[in-house]
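Asks: The structure under discussion is supplied below as structure tokens; questions concerning it will follow.
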Amino acid sequence: MGKLLHFEFHKLIRQKSFYICLAVAVAMLFISTYTTYLMQKDAVDVSQMGIDGMSVMIGAVSGGTLSMVIGVFVPLFVCEDYVSGTIRNIVTRGYTRLGIFSAKLIAVLFASAIMTIVCMAAGYLVGVLFCAPGEQPFDAYTVKILLCQLAVMLAEASLFYAISTVLQKTGGAIAICLVLPMVLTIVLALADTALAEKEIQLSGYWLERINGTLAVFDVKSEDMKKALLTALSYFVVTTVGSFVAIAKKEY
């Protein structure tokens, strides 16, 4: 397992797509904040735009941009070994499928965590650049919200990992990772409408919707617990399901 982890992290460090995707995520965050500033600078005072450091940081991972970036990076990283045939050489060396699967998953989660944390930090710096640090204190409750956001992003990364390991084709995996969130958002919104009389909201259990509810400072403790439990459920289901799907697959 140690050698597999060393291989995956060595590959991650040398993976150009990781740095490119990270740069794109930060750049999109900057562009989004700058666009907000340009659109409102003549109408309201900059202090009322909601683009101070703390506000941008708390909403840095909730707009869907980071999800799309991770949805591109994960297939590029995971499918490379399948497309090139490297996975066959790794299997013939006697490594277990569970070990290979786990090492790749750990590397993906680590990379996704780095992207998420960097975007949060970049959000704060961008907000300070355009406005000010913000009045909201960086206290223990704020840290809990950020950790909940991180958990949700890791759960989404595990979903993209499951798709990539099952398909094992870079193009197809990227397409599904990008389209699936949009399709699910629409389908669940329609389902909510159909079930409105029964007061059932299926969209409330979709990861991107949950991340949206965490993008404020007055999140209720119940909502954070729901976010953590839902993220854990996604992680377990997608991880176990994808491993079962490929456990007996020939390379």
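Asks: Please work out which residue is surrounded by the fewest Cβ atoms within 10 Å (Cβ to Cβ), limiting yourself to the range 107-150 and to residues that are aliphatic (A, V, I, L, M) and in contact with an Asp or Glu (Cβ under 7 Å, 6 or more places away or on another chain). Show your work before the answer.
Replies: Within the range 107-150, the subset aliphatic (A, V, I, L, M) is 107-109, 111, 113-115, 117-118, 120-122, 125-126, 128-129, 132, 140, 143, 145-147, 150.
Checking which are in contact with an Asp or Glu (Cβ under 7 Å, 6 or more places away or on another chain) leaves us with 107, 132.
Working: ALA107: 22, ALA132: 14.
Among them, the one singled out is ALA132.
Asks: Against the condition without any contact (Cβ under 8 Å) to a residue 24 or more places away in the chain, surrounded by fewer than 15 Cβ atoms within 10 Å (Cβ to Cβ) and closer than 23 Å to GLY59 by Cα, how does VAL236 come out, does it pass? Let's see the steps before the verdict.
Replies: On the way: without any contact (Cβ under 8 Å) to a residue 24 or more places away in the chain: yes; surrounded by fewer than 15 Cβ atoms within 10 Å (Cβ to Cβ): yes; closer than 23 Å to GLY59 by Cα: no.
No: the conditions fail for VAL236.
Asks: Here is a check on your reading of the model: is MET115 more than 27 Å from GLY171 (Cα to Cα), touching a Leu at 6+ places or on another chain (Cβ under 8 Å) and aliphatic (A, V, I, L, M)?
Replies: In short, no.
Asks: Residues in the range 161-179: is at least one among the β-branched types (Val, Ile, Thr), assigned to a helix (DSSP H, G or I) and loosely packed, with under 14 Cβ neighbours inside 10 Å? Please lay out each step first, then the result.
Replies: From the range 161-179, those among the β-branched types (Val, Ile, Thr) are 163, 165-166, 170, 174, 176, 179; that's our starting set.
Now drop any that are not assigned to a helix (DSSP H, G or I), which leaves 163, 165-166, 170, 174, 176, 179.
Checking the rest, the ones that are also loosely packed, with under 14 Cβ neighbours inside 10 Å come to 179.
Yes, the range 161-179 has at least one match.
Asks: If we scan the range 199-216, do we find a residue that is more than 30 Å from MET57 (Cα to Cα), surrounded by fewer than 17 Cβ atoms within 10 Å (Cβ to Cβ) and more than 19 Å from the chain's Cα centre (by Cα)?
Replies: Restricting attention to the range 199-216, the residues satisfying the condition of being more than 30 Å from MET57 (Cα to Cα) are 199-200.
Filter once more, so that each one left must be surrounded by fewer than 17 Cβ atoms within 10 Å (Cβ to Cβ): 199-200.
Now restrict to residues that are more than 19 Å from the chain's Cα centre (by Cα): 199-200.
Yes, there is a match, as at least one residue in the range 199-216 is more than 30 Å from MET57 (Cα to Cα), surrounded by fewer than 17 Cβ atoms within 10 Å (Cβ to Cβ) and more than 19 Å from the chain's Cα centre (by Cα).
Asks: Give the residue that is surrounded by the most Cβ atoms within 10 Å (Cβ to Cβ), with candidates limited to residues of the range 73-106 that are aromatic (Phe, Trp, Tyr) and within 20 Å of LEU167 (Cα to Cα). Walk me through how you get there before you give the answer.
Replies: Initial filter on the range 73-106 (aromatic (Phe, Trp, Tyr)): 73, 77, 82, 95, 101.
So of that shortlist, the ones also within 20 Å of LEU167 (Cα to Cα) come out as 73, 77, 82, 101.
Values: PHE73: 26, PHE77: 23, TYR82: 20, PHE101: 18.
The selected residue is PHE73.
Asks: Identify, please: which residue in the range 180-198 is within 15 Å of the chain's Cα centre (by Cα) and exposed (fewer than 15 other Cβ atoms within 10 Å of the Cβ) and is, among those, farthest from GLY53 (Cα to Cα)?
Replies: First pass over the range 180-198, keeping only residues within 15 Å of the chain's Cα centre (by Cα): 180-182.
Now drop any that are not exposed (fewer than 15 other Cβ atoms within 10 Å of the Cβ), which leaves 180, 182.
On the way: LEU180: 31, MET182: 29 Å.
It comes out as LEU180.
Asks: If you check SER158 against the conditions, is it over 13 Å from the mean Cα position of the chain (by Cα) and on the phi < 0 side of the Ramachandran plot?
Replies: Values: over 13 Å from the mean Cα position of the chain (by Cα): no; on the phi < 0 side of the Ramachandran plot: yes.
Criteria not met by SER158.
Asks: Would you check which residues across the range 93-128 are of a type in the set (D, E, K, R) and assigned to a helix (DSSP H, G or I) and list them? Quick ask: steps written out before the conclusion?
Replies: Within the range 93-128, the first condition is being of a type in the set (D, E, K, R), and the residues that meet it are 93, 97, 104.
Listed by number, the residues that qualify are ARG97, LYS104.
Asks: Checking the conditions here, which among VAL83, VAL78 is more than 15 Å from the chain's Cα centre (by Cα), closer than 22 Å to CYS119 by Cβ, aliphatic (A, V, I, L, M) and outside any loop (DSSP other than H, G, I, E, B)? Talk me through it step by step, then tell me what you get.
Replies: Details: VAL83 fails: closer than 22 Å to CYS119 by Cβ.
Of VAL83, VAL78, the one residue that is more than 15 Å from the chain's Cα centre (by Cα), closer than 22 Å to CYS119 by Cβ, aliphatic (A, V, I, L, M) and outside any loop (DSSP other than H, G, I, E, B) is VAL78.
Laboratory data are not the source of any read-out in this text; all were calculated from the coordinates shown. These numbers were taken from a predicted model, which means no experiment stands behind them. Glycine also receives a Cβ, built like all others from the backbone with ideal geometry; neighbour counts cover every protein chain displayed.
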